[in-house]
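Presented below is the structure to which this report refers.
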Amino acid sequence: RGAVDMNFDGLPKRAHIREVCPRDGFQSVKDFIPTEKKLEFIEAMIAAGIREMEVTSFVSPKAIPQLADSAEVLSAVKARCGDAVRLVALVPNVKGAERALAGGADCLNYVFSASESHNRANLNRSVDESLAGLADVIALAKGKAELSVSIATSFMCPFEGRTAPARVTDLMGKALDMGADGICLAETIGTCNPLLFSETLAAVRSRFGDYPIYLHIHDTFGMALLNVKAALDLGYSRFDAAIGGLGGCPFAPGAAGNAATEDLVFFLNGIGVETGMDAASLVNVARSLQDYGLRTLGHLVVSSFGREKEGCCGA
Ligand code: COA
Ligand code: ZN
């Protein structure tokens, strides 16, 4: 693969990737991955070039027993690699925020859903209750960590279908008015096509201009990279992704994994959008997840194409 010095007209020159495998991926694996094993994978991800990572979540261990070791994971990663990576922790409420701050997270990612029924299934509360909690969490985090907001089911809801773009812009406006430092819109179930994806993003752009949001995109129907391209076309360039394509919310039935980080990096580098990362190094980490028995879904890791040929597939 030669160096690319062209780019589609008007695409961002570089993209920023936030790795979410240790949170979204590991929460979706049925069996508990021992803490030391998690740390081994996380360190390999950082060694492969990951510079921002959602490292765990501070939620009820009854809801997500797979991440019951979040305090140990966060503090160990901070001690071992805290200078190399920005550490994000997902939180659903004040208790989670207190625990994530105690562990020294650089950024809290406060989650709630755009749709009432998914918020109820996932967090056992109404969206208004989540918004009230956001105010408390913002006050708590002030001066200690950044506070970003992830709005799940921003495009599609497993129970309600299509989420109206106006609903998303309304919630995003509320979160920013309350003082959130950042916004991530999540395609939680991976069934949204690029037409609908663009419709929502166009509404966001028309209200919030070039405010730089993150996009979190699942790949259930194989449309994640199409939606990434749709986002790039509208100037958005920050993406969540999970090595090996792991991921899925246990409270969103049927959702498969995230956009695979190695596929995303391969795609972006190939079309001239710099990521600062190398797909081959990420594929190696994905293979180690696969060797451990995790069900990886990324195209580069699942395909055997080019494995024997140096340089092919970036691997
Ligand atoms: N961390 C650890 N424990 C927590 C917690 C947190 N952030 N929030 C609540 N708990 C504990 C409480 O202390 C209480 O424990 P107890 O039964 O031993 O007294 C128990 O959980 C119930 O607390 P309550 O406030 O009544 O919560 P709930 O039962 O209404 O559940 C959530 C609400 C948000 C805590 C729960 O639904 C949850 O953790 N959801 C996260 C789901 C998720 O991670 N989805 C995927 C990522 S989007
Ligand atoms: Zn997700």
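Summary of values
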{"read-out": "Whichever aspartates and glutamates have a C-alpha closer than 18 Å to that of K38, once near sequence neighbours (fewer than 8 apart) are set aside", "value": "E19, D24, E52, E54, D69, E72, D291"}
{"read-out": "Under-5 Å amide H pairs with G257, H placed in peptide plane, nonlocal only", "value": "D219"}
{"read-out": "Net charge of neighbours whose Cβ lies under 10 Å from the Cβ of L39, counting Lys and Arg as +1 and Asp and Glu as -1", "value": "-2"}
{"read-out": "Solvent-accessible area of T169 with every protein chain in place, 1.4 Å probe, in Å² to the nearest 10", "value": "10"}
{"read-out": "Accessible carbon and sulfur surface of the chain relative to its total accessible area, %, 1.4 Å", "value": "54"}
{"read-out": "Loop-exposed GluC sites (Glu not before Pro) per DSSP, neighbour cap 10 Cβ within 10 angstrom, longest uninterrupted part of the chain", "value": "1-307"}
{"read-out": "Sequence-separation-based contact order of the range 187-243, relative, with Cα cut under 8 Å and 6+ spacing, percent", "value": "47"}
{"read-out": "Mean Cβ neighbour count within 10 Å, used as a protection proxy, ranking 176-183, 150-157 highest first", "value": "150-157, 176-183"}
{"read-out": "Filtered chymotrypsin sites (Phe, Trp or Tyr not before Pro), the range 204-259: DSSP coil and at most 14 other beta carbons within 10 Å", "value": "F221"}
{"read-out": "Cα-centred dipole magnitude for the chain, charges only on beta-carbon of K, R (+1) and D, E (-1), debye, nearest 20", "value": "260"}
{"read-out": "Relative contact order for the chain, counting Cα pairs under 8 Å that sit 6 or more residues apart, in percent", "value": "20"}
{"read-out": "Cα-based convex hull volume of the chain per residue, rounded to whole Å³", "value": "120"}
{"read-out": "Cleavage-rule hits, chymotrypsin sites (Phe, Trp or Tyr not before Pro), the range 29-106, DSSP coil, Cβ neighbours within 10 Å at most 16", "value": "F32"}
{"read-out": "Enclosed volume per residue, in Å³, of the convex hull spanned by Cα atoms of the range 229-286", "value": "90"}
{"read-out": "Whole-angstrom gap from the range 104-177 to the range 66-88, using each part's C-alpha centre", "value": "23"}
{"read-out": "Charge dipole (the chain, unit charges on Cβ, about Cα centre) - positive-most of G161, V94, G235", "value": "V94"}
{"read-out": "Alpha-carbon Rg with Dmax, taken over the range 164-231, Å", "value": "11.9, 35"}
{"read-out": "Estimated [θ] at 222 nm from DSSP helical runs (n ≥ 4, -39500 (n - 2.57)) normalised by residues in the chain, nearest 500", "value": "-12000 deg cm²/dmol"}
{"read-out": "J(HN,Hα) series, the range 13-27, from Karplus relation 6.51 cos²θ - 1.76 cosθ + 1.60, nearest Hz, glycine and proline x", "value": "6, 9, 10, 10, 10, 10, 7, 10, 4, x, 9, 5, x, 5, 5"}
{"read-out": "Length-normalised contact order for the range 1-89 - Cα pairs under 8 Å, 6+ apart - percent", "value": "33"}
{"read-out": "Whichever lysines have a C-alpha closer than 16 Å to that of K142, once near sequence neighbours (fewer than 8 apart) are set aside", "value": "K95"}
{"read-out": "At most 13 other Cβ within 10 Å, DSSP loop - trypsin sites (Lys or Arg not before Pro), the range 1-62", "value": "R1, K13, K30, K62"}
{"read-out": "Mean shadow area of the range 1-136 over all directions, Cα convex hull, nm²", "value": "11.1"}
{"read-out": "Amide hydrogen neighbours beyond the local backbone of Y214, cut-off 5 Å, H modeled", "value": "I183, C184, L185"}
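The values are calculated or read from the model by the stated rules, or taken from the named source; none is laboratory data. Keep in mind it's a predicted model, so treat the numbers as computed, not measured. So basically every Cβ, Gly included, is an ideal-geometry build from the backbone, and we count neighbours across all protein chains shown. We work out accessible area using only protein heavy atoms, side chains counted, and drop any ligands, DNA or RNA first. Shrake-Rupley method; radii C 1.70, N 1.55, O 1.52, S 1.80 Å.
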